[in-house]
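These notes concern the structure reproduced below.
The values are calculated or read from the model by the stated rules, or taken from the named source; none is laboratory data. Source: prediction; values computed, not measured. Heads up, the Cβs are rebuilt from the backbone with ideal geometry, glycines too, and the neighbour counts pull from every protein chain shown.
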Amino acid sequence: MPAGCSEASLLCNQPMPNTFMDQRHKTYITLPGLHAGMLSPEQLEHLARLAKDYGIPGIKITSAQRIALLGMEPERLAALQNDLHLDTTPPHSRKRVHYVQACPGKTWCKYGVAETLGIAKQIEQLELDAPLPNKVKIGISGCRMCCSESWLRDIGLIGERKGWRVIFGGNAAGRPRIGEELASGLSEDEALELIRKTLNYYIREARGKTRTARLVERIGIDAVRKAVLAGHDPQQQRAEKETAPKV
């Protein structure tokens, strides 16, 4: 095993490789385990060692806030996958979301009104009732400027002063679609519970490998809201509590 691979958990604590052949018949691999694009000095040092040990020509930060190792020969890629014990199945087949993209949030950004990295980690660890029909991308923005493109993700979260706004059914691919609001003014726990319920609903209702955008186009956002908010609308429950007579 090349030097440095004993520290694989620094970058690979959530196995999720993606490997492809490019037009020059070389490969690249997307490393898992980067929490919302945040890197420590130790992880950077480990990454540099991997690049040297495996003769990796290029390293790129992807649009999804992950790291791609570029231009590896196929046999070197196989050795890297074996030494790092990477899972060969995509995350959605293991009841997990594809990736979670998050802005720095109020911890690091003067415009942020919500802390994004904590909720991002909880969503990364969320285990659903069954494998997802297709990949699910999450975008978490700590303010309404939406640096993480929350309106164009399968699930989007937008931090506001009154709480989290949850978006569903966005897509930025070949058939782009702006997502639609499920609820707003939610606490962190309420937002996480709504995401869990919505993704489990998507698992039950999607046809084949349909993405969330196509599901919403087929059944309408009102059907989704009715299913996931029925009897448990946090906004309605708070309003009823505020207007209830005091005894």
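Summary of computed values
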{"read-out": "Output for region 139-192, where each listed residue is in contact with a helix residue (DSSP H, G or I) (Cβ under 8 Å, 6 or more places away or on another chain), over 19 Å from R66 (Cα atoms) and part of a loop (DSSP other than H, G, I, E, B)", "value": "G169, G170, R175, P176, I178, G179, S187"}
{"read-out": "Residue satisfying all of: in region 209-223; among the β-branched types (V, I, T) and surrounded by fewer than 19 Cβ atoms within 10 Å (Cβ to Cβ); nearest to the chain's Cα centre (by Cα) among these", "value": "T210"}
{"read-out": "Candidates Y99, Y28 - the one that is crowded, with 19+ Cβ neighbours inside 10 Å, in contact with a Phe, Trp or Tyr (Cβ under 8 Å, 6 or more places away or on another chain) and modelled with pLDDT of 70 or more", "value": "Y28"}
{"read-out": "Residues of region 103-119 that turn out to be at pLDDT below 95 and either closer than 18 Å to L199 by Cβ or under 11 Å from the mean Cα position of the chain (by Cα) (or both), as a count", "value": "0"}
{"read-out": "Residues located in region 210-241, provided they are under 18 Å from L128 (Cα atoms) and either modelled with pLDDT under 95 or of a type in the set (S, T, Y) (or both)", "value": "T210, T212"}
{"read-out": "Inter-residue pairs, beta-carbon under 7 Å, first within 22 Å of Q101 (Cα to Cα) and in region 51-63, second among the hydroxyl-bearing types (S, T, Y), 6+ apart", "value": "T62/T30"}
